[in-house]
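Colleague: Dumping the structure here so I can ask a few things about it.
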Amino acid sequence: MHRQRWVTALVLAFGLAMLVGCSGSWAQTTPGVFTVYVGEPQNALIPGNTNESNGGEVIDALFAPLVTFDDETLDLTYDGVAASVSSDDRLTWTIRLKPGWTFHDGTPVTARSYVRAWNWNSLATNGYVSSFFFANIAGYSDLQSLTDGKPRGTEMSGLRVVDDLTFTVTLTSPFAIYPITLGARAFSPLPEAFYDDPTGFGRKPIGNGPFRAETEWTRGRGITLTRFDDFAGGAAKSPGMAFRVYTEQSTGYTDVLAGSLDIMVGLPEDARGTAPAIFGERYLTRASSSLTSLAFPLYDPRFADVRVRRAISMAINRDLLADIIFDNSVTPARGFATPVVDGFREDACGPACGFDPEAANALLDEAGFDRGEPIDLWFNAGSGHDQWMLAIGNMLRRNLGVDFRLRGHLQFAQFLPLQDSKGMTGPFRTAWSMVYPSIQYYLAPRFAASAQPPNGSNSAFYANPAFDAAVAKADAASSIAEANRLYQAAEDVLVADLPHAPVFVGVIQAVHTQRVSGVRLTPFGGVDYASVELLEVE
Amino acid sequence: MAAPVLQIRDLRVEFRQKKDWREVVHGVSLDVGRGEVLALVGESGSGKSTIAMSIPGLLPRNGRNSGSIQLDGQELIGASPGTLRKIRGRQVAVIFQEPMRALNPVYTIGWQIREMLQAHQELSKEQARERAVELLKLVDIPEPERRVDSYPHQLSGGQRQRAMIAQALALDPQVLIADEPTTALDVTVQGEILELLHDLKGRIDASILLITHDMGVVADLADRIVVLKDGAIVEQGDAHQIFYDPQQPYTQSLLKAVLSLSLEPVAAELPAPEPAETPAFDLDHGVIEYPGGRGRKPFRAIDDVTLRLDAGQVMGLVGESGSGKSTIGRAAVGLLPLASGALRINGLDLVTADAGQLREARRQVAMVFQDAGASVNPRWPIGQAIAEPLQLHTDLDAAARDARVTELLDRVQLSRNLRNRFPHQLSGGQRQRVGIARALALQPSLLIVDEPTSALDVSVQEKVLELFAELQEEFGFACLFITHDLAVVEHVADRIAVLRHGKLVETGTTAEVLMSPQDSYTRRLIAAVPVPDPREQAQRRRQRRELLGEAS
Amino acid sequence: MSDELPTPTGVRPGGPDSGAEHELLDLVEENIEQATLWGEAWKTLRRNPMFLIGGVIAVLMTLIAVFPSLFAGGVDPRDCDLTDARQWPSAAHWFGTDLQGCDYYANVIHGARISLSIGLLSVVGTMVLAVILGTLAGYFGGLTDSLLSRFTDIFYGVPLLLGAMILLTVTEERSVFTVSLALSIFGWMTAMRLVRSSVITVKNADFVAAAQALAATTRQILTRHIMPNAISPVVSFMTIAMGGFIASEATLTFLGIGLQAPEISWGLQINVGQSRFSSAPYLVFFPALFLSLTVMAFMLMGDALRDALDPDRN
C-alpha cells in the first residue's frame, strides 16, 4: 500500500511535469538567455521552406536578410548583406554583397551561397513552400516541370555568379519592386554544409544572423541560441536567447505575468484589453500588417459560386465584431491590403465587405445554397480564435439562417498541411503579414495560380488568368508608383471574385518582463532580437 | 429464608416499533435467591433475554421498562446511567453466547481483566495482574501465568469461554447472567464448561441467572426454573418439580418436545443390510485436502475415511466442529474433489466419471443445507428456488414445473400461498422446509442433510424431524445425516459414524454405537451430552467428570 | 460448517438466534409487506431527508436535461445577437447574456443535457467494465484474479483526469461519446474492486454452493445468482460516482481538453466565463451553481442509498 502510493505520486508528478511541458510552461528562466514565446513551426527550420509565423520568427533570429527597411517609413535601406541591388532595365538585376559576412560555421557568405540556395529552393523535387518566390526568375520552370519525377534542370538560367561578392538575376519579365522583395527570408543564403545534411540543418540551422543555434530544435520544447560574435551587422546585445514552444496563448501569458517567459508577441483574447494597464511601459503595440480573412475552399463546389461567398462576407458585421469581441483592438478590413503598405486603399472592397443581411440572403437564395447543411468554420487551436469565429458563426446563423460547426481542434502545425492538401470543408481562418512592404505581397504570393500549394500559400486554390495578367502587368510597370496603381487594379479583380472574405486588420501587441529592455517590434510583426538587452537581476 | 438477592416485581418491557409501543414482557415477577442457579427457559420470543437484559439496563434504545427490579435492596429501574454503570461488572455481570464477540481481539485477556479490575478498584498493575491469574485459575485454564498474556484468538473456544467467565467474575458480582453460555460450543467443550459452572456454583457466592433453551443444560445446572411463554411466566418452581411434575400444559408439551438422548434400545426394526445391491454412497479410503496456499502444507480435512451407505438407509455422521463431517457431505454433492480414494454414488465413481455421467450423478444426490435461508437466493421467491433444480435438469415447461412445485410444497406441509414469498419473510422452520422441498425436487436417491435443525426452536425441530421421517419412509432415499446433536441422531439414524479431526473413529448401528461405544472419544462425546432429567444427569455428571478428566 | 462469514440474511448458523436479538427481530419484523431487499431499502429511503433533497434535485435536473426547451421557455440558446452581449441579468434575460449575446439562462438550461448525458454514459461504461472484470476476478480467483487485479492496479496509477486528458488529446473527436469513454476507461477501477469483494462474499454463500451442487453452469451461476446479489454495494457507489463524473467532465472542458464550442456544457461556460470574471461574474456563477447542485444531488442520493442497502445497519 505504501509502495503503491509512492508509485502513484511519482507517476502523478511525472505526468504533471509532462503536461506542463506539453503546454510549454517553463518553471524557471535560464541566466544569460531571454525567452521568447513561439508556436510549433510547421516545417523544419529551413528558410526556403518556411512561410508561416512560427518558424519564421526563429529563422529571422538566425538569418540576416539581403536588404532592410526603415523602421518608420519602410523605405528600402541597405543595412543587410547586400551592398546594392541595381538594374537598368528592371529585368536583369545585379546584386553586390558586402565583404566580411560569414555563416555561423565561419564559412564566408558568397554569391554562390545565394545562387545555390535559390536553385535548391526552386526544385520541384524539394517541394518547398516558398519556391514561389523564385517563380519570376528565368529558368524557374525548368526546375519545376518533372518528367519521370526528375526536373529538366537543377540550375536556373537566370542566375549567374559573377564573382565571390556579385551575382546577377535575370527575370522572366521586368519587375519594378524586385529589390523590395529581396527582404523576404526565402532569399536567405545557405552554407555549403547545408547540402551534406539538409535534415540535420533543419533541426540546427547554420545561418548568417545575429544569433546562432546552440541546441537543436526540440519538438514541443524549442531551441536555445547564443550570440554570434562575428556578426557583421553588429553583435547582439544579449549573450543568448531561446524560443519556447507553447500550445496555448493563455499559458504563455500566464508565464510572462509570472516572469518565467520574457517576451511574447500576440496576446490571448482576454488579455488584449487588460494588458496595457498591467504591463505599462512593458506593453508594446504598433500597427500591424496582419490581415485576417476567411478563406474559401474554392475546390469545394459549395463555395464555388461567388454569390455564396459574397453573401457570407456581407453577413458578417465587422464593426460589431471589432467592438464587442476585440474591444476595438482591431479594425475592420475593407480590402486585401493593410494600411502600412504603399498602395493601400481605404474601402477597396466596397459593399462586399460591408454588412447587409438582406442583400446577403438574396444572394444566397439566388445561388440556391443549401441552408440545411451546416457550414464548417476552421481555425487553429490555442491562439484565441474561438470567440471571434464563434461570433462569425452566430452571425451566419442569425443573418443567413444557416447553422455552423466549429473546427478548431488542430494546432497550427497540423492545420496548415490540411489546408495545403485541400482538406478544408468550409471557410477557414487565414492571416497574412508582409515580409516586405509592398501591396504586391498581399496579392501574388496569396492568389497567383502558381502559388498554389505545395509551392506557395494560395490555400484557397484560386486561379484566375485575369488576376495573373493584372499582376504581371503591374510587375512590369516602370515605376513603383505606377506598379502600385496597377496592383490596385489586380486587387479589384480579387474584390469581384472574393476568394477570401477579409475580416479585420490586427494590431501587433507584445508584452515583456523586466528582465529585458530595448524590445522593439518590427513592422513585420516580430521583435528585433539583436537589440534586446538582457538585464540580469542581482 | 434469606432475602433474595434479586427481586423482580411486575416487570413490563415495551419496544417502540415505528410509532407505537408494544409490550413484550407482561408483568413478570420473580426472585433470585443468593447462591442459587435460576434458569429462565422458553422458546424464541418468550422474553427470557429481554428480562435478563433489563437487569443491568442493557435494553436497546427503542426499549423501555417499568415495574421494579431490586438488587439487594437497590432499585434499578429508573436508576441513573451513572448508577447502572457502577452496577454493571461490580454487582451484575453478563456472560454472552459468543465469547469472540465479548472479548476485544486486540488486547490480551489479562489486559482486559485487569482493565475491568482497575476501573472499579484501586489496584496497582501488579496486583491486578495477580488477581487476573487467580481468576484464570478459578476457571481452570491450564498454565494461567502464561495464558494471561494470550490474545483471544490464541485460545480455543472453550478457553475463550472460560476467560470470559473469569472476566465476568473479576469483581465478585452478586448476580451472574449467563445468556446461552454453551450453545455455540462443541459438545465436549460444552461438557467442560458445564462442569466448570457446576463447580463454580460451589465455590463462589454469586447467583446465576441462566438463560437457555436447552433443557439438558437446565437439568444439569438449575436449582429453580422459570418457564416463559410470550412474555409471561407460565410456571415456576424448583428443578425436580418442573421436570417430574409439570403442572401447565405448555410446560408439559415443551418437555415432551425436547429430544433427548434416551440410550434405550430402539424398538423399531432395522432393515437388514443387503450387501448385494450397489450402495447408495460408497467412500473408499477417501482423502480430501484443502490447499495450503503458498508454502504451506495442505490441510487434510478427511484422512483415509471409508464409509458405506446402502439404499434406503439413514446414516448419522457425527462429530464436532472441524471433524470433517460437512466436508464429506460437500464431496458427495460434488462441491469438493477427492485428493485420493474413490467416491461412488450408486456405483458411479465420481473421480473417473465424465461430464455427462457427473451431471447424471448430480441429479441423484441432493443436499439440504444447515441454514436453509442462506441456501436460497435471497432475491428469489421460494417457488422459483424450489423450481431451480427442475429448470436445470429437466425439460419440463413452466406449467409443469409450477405443478411440481405445488406438489412439493404440499408434501413438506407449506401453504401454497407462500410460493411467492421471499426467504426472509418466512420463519426458520418454514425456510427449512423450503430447503427440503428443493432437495426432493428431482427425487434423489441420496440425500445429504447438514445440521438441518440446529438453528431451530425445540418445537419446530420436532416437527421438521417428523416430516423428515415421513418423507424418508415414503420416498425411500438413502440419507447422510450430518449433525453434532446425538439426540437427533438417535431418533433418525439407522447407523452412526463418528468422526474426529478428519478420521473415522467408530462406526456401527445406532444401538451399537450409543449403547456400547468402543472408542474413548465416542464415550466422551456421549457422556458430555446433558439429558433433561436432573436425577439421571446427576449420575451422568459423575461419568462425564471421569471421562473429560481423562483427556486433556 | 464455517460460521465465520455472515450470511446475507443475517442469520448466524451454529445455534438458535441468541436470545435478545432474535426476540427483538421477531417483534420488529411483524408487519411484513411485499418487500424485497430493494423494497425495504426504498421504504427507508423514502424517509431520509438527504435522499429526498438529492432526489428532487436530481429528478429536476434530469427533467431539464430531457426537456430543455420546456424549461428554457422555448428560447433558443444559440440565437445569439452580438449587440446584446455581456448584459447583466434582467427581466428579458434572467441570467443575462454571454460574450456572444446568447441568452444565458437558455444556455445553462441546455447545458444540463450534456453534463447529465456524460455522467450517465460514464457510469454505464464504468459499470460494464467493473461488473465484468470484477465478477471474473472475484469468482474465479487464483491466477485470473491476480492478473485482473494487477491490471486494475496499473490503471490505478493513472489519475482519472490525467488519463482522460491524455486520451482526449490523442483522439481528434471530442464528442459526448469520447469524453464519456475517456472517463470510463480511467474511472472503473474502484467499482471493479467493490464488485470483486462483493462477489467474493456472495460466492461463499450457501445458495451458491447449492446451485453448484445442482451442476448449474458457471454462466448460470454468475448471471442468476452472483451478479444480482453482488450489485447492491456498487449501485450506491455509482450514484455517487455519477456526481463525480459530471464534475470531471466540467473540469476537463474547463481545462480545454473536453468538449469544445459550440457544444453547450457547464464546464465550457465556466471556462469562457472565467476570463471575464471581474466584469461579468454571473457568467461563472450560474453554470457553477447548477453544476454544484447536480453533483451534490447525486452524492446525497448515493450516500443515502449506501446506508439503506447496508445490511449491517441498525
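Colleague: Which fully enclosed helices (runs of 4 or more DSSP H) of the range C:160-253 have 2 or more residues being at pLDDT below 85 and within 14 Å of chain B (Cβ to nearest Cβ)?
Modeller: Those helices (runs of 4 or more DSSP H) span C:206-213, C:227-230.
Colleague: Please work out which residue is nearest to residue B:67 (Cα to Cα), limiting yourself to the range B:14-35 and to residues that are without any contact (Cβ under 8 Å) to a residue 60 or more places away in the chain and in a strand (DSSP E or B).
Modeller: Out of the qualifying residues, it is B:14.
Colleague: Can you pull out every residue in the range C:139-153 that is within 22 Å of the chain's Cα centre (by Cα) and of a type outside the set (Ser, Thr, Tyr)? Let's see the steps before the verdict.
Modeller: The first filter runs over the range C:139-153 and keeps only residues within 22 Å of the chain's Cα centre (by Cα), leaving C:152-153.
Matches in the range C:139-153: C:153 only.
Colleague: Among the listed residues A:470, A:449, A:490, which satisfies the condition of being buried (at least 21 other Cβ atoms within 10 Å of the Cβ), in contact with a helix residue (DSSP H, G or I) (Cβ under 9 Å, 6 or more places away or on another chain) and farther than 23 Å from residue A:354 by Cβ? Walk me through how you get there before you give the answer.
Modeller: Values: A:449 fails: buried (at least 21 other Cβ atoms within 10 Å of the Cβ); A:490 fails: farther than 23 Å from residue A:354 by Cβ.
A:470 is the lone residue from the list that is buried (at least 21 other Cβ atoms within 10 Å of the Cβ), in contact with a helix residue (DSSP H, G or I) (Cβ under 9 Å, 6 or more places away or on another chain) and farther than 23 Å from residue A:354 by Cβ.
Colleague: Continuing with this model, one more query. Of the residues that make up the range C:235-243, is at least one farther than 17 Å from residue C:183 by Cβ, touching a helix residue (DSSP H, G or I) at 6+ places or on another chain (Cβ under 9 Å) and aromatic (Phe, Trp, Tyr)? Give the steps one after another, and end with the answer.
Modeller: Let us first name the residues in the range C:235-243 that are farther than 17 Å from residue C:183 by Cβ, namely C:235-236.
Then keep just the ones that are touching a helix residue (DSSP H, G or I) at 6+ places or on another chain (Cβ under 9 Å); that gives C:235-236.
Keeping just the survivors that are aromatic (Phe, Trp, Tyr) gives none.
No, because not a single residue in the range C:235-243 is farther than 17 Å from residue C:183 by Cβ, touching a helix residue (DSSP H, G or I) at 6+ places or on another chain (Cβ under 9 Å) and aromatic (Phe, Trp, Tyr).
Colleague: Tell me whether the range A:342-353 contains one or more residues that are within 29 Å of residue C:272 (Cα to Cα), part of a loop (DSSP other than H, G, I, E, B) and touching a residue at least 24 places away in the same chain (Cβ under 8 Å).
Modeller: no
A quick yes/no check of all residues on (1) over 20 Å from residue A:325 (Cα atoms); (2) modelled with pLDDT under 90; (3) buried (at least 22 other Cβ atoms within 10 Å of the Cβ):
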| position | (1), (2), (3) |
| --- | --- |
| C:77 | no, yes, no |
| C:81 | no, yes, no |
| C:87 | no, yes, no |
| C:91 | yes, yes, no |
| C:98 | no, yes, yes |
| C:104 | no, no, yes |
| C:108 | yes, no, yes |
| C:114 | yes, yes, yes |
| C:132 | yes, no, no |
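Colleague: Suppose we filter the range B:108-156 for residues that are free of Cβ contacts under 8 Å to residues at least 24 places away in the same chain, part of a helix (DSSP H, G or I) and among the charged types (D, E, K, R); how many remain?
Modeller: Number satisfying all stated conditions: 10.
Colleague: Report, by residue number, each residue of the range C:265-284 that is within 12 Å of chain A (Cβ to nearest Cβ) and either under 23 Å from the mean Cα position of the chain (by Cα) or free of Cβ contacts under 8 Å to residues at least 60 places away in the same chain (or both).
Modeller: Passing the criteria: C:268, C:271, C:274, C:275, C:277, C:278.
Colleague: When you scan the range B:329-442 for helices (runs of 4 or more DSSP H) that lie fully inside it, which ones turn up with 1 or more residues that are more than 12 Å from every other protein chain (Cβ to nearest Cβ) and either more than 29 Å from residue B:45 (Cβ to Cβ) or hydroxyl-bearing (Ser, Thr, Tyr) (or both)?
Modeller: Numbers: elements: B:355-364, B:382-393, B:398-411, B:428-440.
Result: B:398-411, B:428-440.
Colleague: In the range B:493-529, what count of residues is obtained for those that are closer than 20 Å to residue B:469 by Cβ and touching a Phe, Trp or Tyr at 6+ places or on another chain (Cβ under 6 Å)?
Modeller: Within the range B:493-529, residues that are closer than 20 Å to residue B:469 by Cβ and touching a Phe, Trp or Tyr at 6+ places or on another chain (Cβ under 6 Å) number 1.
Colleague: Would you mind stating whether residue C:273 is in a loop (DSSP other than H, G, I, E, B) and either within 19 Å of residue A:382 (Cβ to Cβ) or touching a Pro at 6+ places or on another chain (Cβ under 8 Å) (or both)?
Modeller: Values: in a loop (DSSP other than H, G, I, E, B): no; either within 19 Å of residue A:382 (Cβ to Cβ) or touching a Pro at 6+ places or on another chain (Cβ under 8 Å) (or both): yes.
Answer is no for this residue.
Here's the yes/no breakdown for (1) at pLDDT 90 or above; (2) in a strand (DSSP E or B); (3) out of contact with any Asp or Glu (no Cβ under 6 Å at 6 or more places or on another chain); (4) assigned by TED's automatic domain parsing to the domain that holds residue A:205:
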| position | (1), (2), (3), (4) |
| --- | --- |
| A:36 | yes, yes, yes, yes |
| A:42 | no, no, no, yes |
| A:56 | yes, no, yes, yes |
| A:74 | no, no, yes, no |
| A:80 | yes, no, yes, no |
| A:93 | yes, yes, yes, no |
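Yes/no per residue for (1) polar (S, T, N, Q); (2) surrounded by fewer than 18 Cβ atoms within 10 Å (Cβ to Cβ); (3) within 14 Å of chain C (Cβ to nearest Cβ); (4) not in a loop (DSSP other than H, G, I, E, B):
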| position | (1), (2), (3), (4) |
| --- | --- |
| A:370 | no, yes, no, no |
| A:390 | no, no, yes, yes |
| A:397 | no, no, yes, yes |
| A:408 | no, no, yes, yes |
| A:434 | no, no, no, no |
| A:442 | no, no, no, yes |
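Colleague: Would you confirm whether any residue within the range A:460-472 is at pLDDT below 90 and more than 21 Å from residue A:293 (Cβ to Cβ)?
Modeller: Yes, the range A:460-472 has at least one match.
Colleague: Filter the range A:455-468 down to residues that are assigned to a loop (DSSP other than H, G, I, E, B) and either closer than 15 Å to residue A:140 by Cβ or acidic (Asp, Glu) (or both), then give me how many there are.
Modeller: 2
Colleague: Tell me the residue from B:59, B:11, B:40 that is touching a Gly at 6+ places or on another chain (Cβ under 6 Å) and either modelled with pLDDT of 85 or more or in the same structural domain as residue B:177 (by TED's automatic domain parsing) (or both), please. Don't jump to the end; show me each part of the working.
Modeller: Working: B:59 fails: touching a Gly at 6+ places or on another chain (Cβ under 6 Å); B:40 fails: touching a Gly at 6+ places or on another chain (Cβ under 6 Å).
When all the criteria are applied, what remains is B:11.
Colleague: Test residue B:90 against the criterion of being more than 14 Å from every other protein chain (Cβ to nearest Cβ) and in contact with a His (Cβ under 8 Å, 6 or more places away or on another chain), and give yes or no.
Modeller: Yes: the conditions hold for residue B:90.
Colleague: Given the options C:96, C:73, C:39, C:101, name the one that is more than 14 Å from chain A (Cβ to nearest Cβ), farther than 25 Å from residue C:242 by Cα and free of Cβ contacts under 8 Å to residues at least 40 places away in the same chain.
Modeller: After applying the criteria, what remains is C:73.
Colleague: What is the number of the single condition among (1) in contact (Cβ under 8 Å) with a residue 40 or more places away in the chain; (2) within 30 Å of residue B:129 (Cβ to Cβ); (3) hydrophobic (A, V, I, L, M, F, W, C) that residue B:87 does not meet?
Modeller: (1)
The values are calculated or read from the model by the stated rules, or taken from the named source; none is laboratory data. Source: prediction; values computed, not measured. Here the Cβ is made from the backbone with ideal geometry for all residues, glycine too, and neighbour counts use every protein chain on show.
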